[in-house]
Amino acid sequence: MKRTFVLFFMLLIAFCSKAQSVVDFTDVAAKTINAVVHIKCDVTKLTPMYQSFFGMIIDQGMRRQSYSAFGSGVIISSDGYIITNNHVVQDASNITVTLNDKRTLVARLVGADPASDLAVIKVEGTEFEFIPFGNSEQVRIGEPVLAIGNPFNLTSTVTAGIISAKARNMNIIQNPTGESTLESFLQTDAAVNSGNSGGALVNTKGQLIGINTAIASGNGYYTGYSFAIPSNIARKVSRDLCQYGAVQRGYLGVNVAEVDEEWVKRRGITFLKGVYVGRVIPDCAAERAGLKEGDIIVKVNHVEINSYAEMMEEVSYFNPGDKVEVEFLRDGKSHTKELTLLNSKGTTEIIRK
């Protein structure tokens, strides 16, 4: 009898400990939900019209087409700056924002960056609730997260999940400018659907660690995988857009390929890490520092690099003119060089828009 009681007591303690370990998101949701807004954009586009006439296609000119687009945004300052996805607000002639308390405000576009699919808009006012940025580099796989947004125009929707992976490059950002895109997504299993774009991904401290951007789905609806732009990229992009109207993006000046098992076997080497430098662009930062084709970059600013996405994300935190330390392997030996990043024009000057 005494043994049975002791066993029951131990099971009760284990159950209570497990119950206490379950993450309670109620305080986090209450703390952050008022800083996530619903965005409506009025879009007008000119589309070509054609007519078939006895097998001939005749140009009928242009037709004006109007429609509304919807998404989410995150207030990042008390004076009304809001970060969202570029694809939410692009081509918008009018932007209106609805707060969680049902107030509707007119917004203006501050700046947009198609390369990262981020944009900043602004509403007039003061003392807005906002979500502080967290450090997305410190995010760990398996960490619980909360996604907040407006899927299917259902305002103030909260879903929970975990970080499933980091530094995902999905090749989904469309950039009409032709500039290389920046993709290094946080992957999560928190449910995200149409309308969640631009919404918040927050940690258990109520900090913004990502901007919900896309889903991986064959039918356009959530099927278990969604992707968010890391907050460290979002912080840099939003700061530059507010200050300069354009992102100050530094470049190493290399084309790289990821080092995988097949690549290693073809070249008969023994290590499996880093990114292989396939080409060094003339008169760019890497060439000036002495990097060559065939080098394998393993670290950028003391951070290990094992994929193109990881390298691009680490470099994206810096401005042209900033110095970064690159560690690489050449003929099996480790070397370290300090590079001065250059902008797309090959200088260190500020680019304004």
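The values are calculated or read from the model by the stated rules, or taken from the named source; none is laboratory data. For clarity, every value in this text was computed on a predicted model and none was experimentally measured. Virtual Cβ from ideal backbone geometry, glycine too; neighbours counted across all protein chains shown. Ligands, DNA and RNA are stripped out before the accessible areas are found, and what is left, the full protein with its side chains, is counted by its heavy atoms. Shrake-Rupley method; radii C 1.70, N 1.55, O 1.52, S 1.80 Å.
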With a probe of 1.4 Å, find how much accessible area the chain has per residue, and write the answer as a whole number in Å².
53
Relative to the compact-globule estimate 2.2 N^0.38 Å (N residues), the Cα gyration radius of region 201-279 stands at a ratio of 1.60
Given Cα pairs under 8 Å that are at least 6 residues apart, what percent is the relative contact order of the chain?
13
Any of Lys40/Lys122; Lys166/Lys265; Lys122/Lys205; Lys273/Lys333 with alpha carbons more than 23 Å apart? Name them for me.
Lys166/Lys265; Lys122/Lys205
Can you give me the solvent accessible area of Lys122 with a 1.4 Å probe, rounded to the nearest 10 Å²?
20
Could you work out [θ]222 nm for the chain from helices alone, using -39500 (n - 2.57) per DSSP H run of at least four and dividing by all its residues? Round to the nearest 500 deg cm²/dmol.
-5500 deg cm²/dmol
Once you keep just the Cα pairs under 8 angstrom separated by 6 or more residues, what percentage relative contact order results for region 300-353?
31
Which values, in whole Å and largest first, are the semi-axes of the equivalent ellipsoid of region 188-237 obtained as the square root of 5 times each eigenvalue of the Cα gyration tensor?
20, 12, 8
Magnitude of the Cβ-charge dipole of the chain, K/R +1 and D/E -1, about the Cα centre, nearest 20 debye?
440
Let me know the whole percent of all Cα-Cα pairs from region 87-190 that are separated by more than 15 Å.
74
May I ask for the Kirkwood hydrodynamic radius of the chain, worked out over all distinct Cα pairs and given in angstroms to one decimal?
22.6
Just to confirm the filter: which trypsin sites (Lys or Arg not before Pro) across region 125-194 are DSSP coil and have at most 15 other Cβ within 10 angstrom of their Cβ?
Arg140
Take each uninterrupted DSSP H stretch in the chain, measure its Cα extent along the helix axis, and return the ones at 27 Å or beyond whose mean Kyte-Doolittle hydropathy is at least 0.5.
2-21
For every other residue with a beta carbon closer than 13 angstrom to the beta carbon of Glu287, add +1 if it is Lys or Arg and -1 if Asp or Glu, then tell me the sum.
+1
Interchain or long-range residues, amide H under 5 Å from Val145's placed H:
Gly161, Ile162, Ile163
Charge sum, other residues only, whose C-beta stays under 15 Å from Arg239's C-beta, Lys/Arg counted +1 and Asp/Glu -1
+2
Taking a ≥ b ≥ c as the square roots of the Cα gyration tensor eigenvalues, with a/c under 1.5 meaning rounded and otherwise prolate when a/b beats b/c or oblate if not, region 257-348 comes out prolate
Using label points projected 7 Å from each Cα along Cα→Cβ, tell me how many nm separate Lys265 and Met62, to one decimal.
5.5
Exposure ranking of Asp189, Asp27, Asp91, Asp331 by accessible area [1.4 Å probe, largest first]:
Asp331, Asp27, Asp91, Asp189
Looking at region 236-295, which trypsin sites (Lys or Arg not before Pro) are DSSP coil and have at most 15 other C-beta atoms within 10 Å of their C-beta?
Lys273, Lys292
Length-normalised contact order for region 160-218 - Cα pairs under 8 Å, 6+ apart - percent:
29
How much of the accessible area of the chain, probe 1.4 Å, is carbon plus sulfur, in whole percent?
52
Filtering chymotrypsin sites (Phe, Trp or Tyr not before Pro) in region 266-353 by DSSP loop and by at most 13 other Cβ atoms within 10 Å leaves Phe271
Would you calculate the volume per residue, in Å³, of the smallest convex hull containing every Cα atom of region 158-215?
96
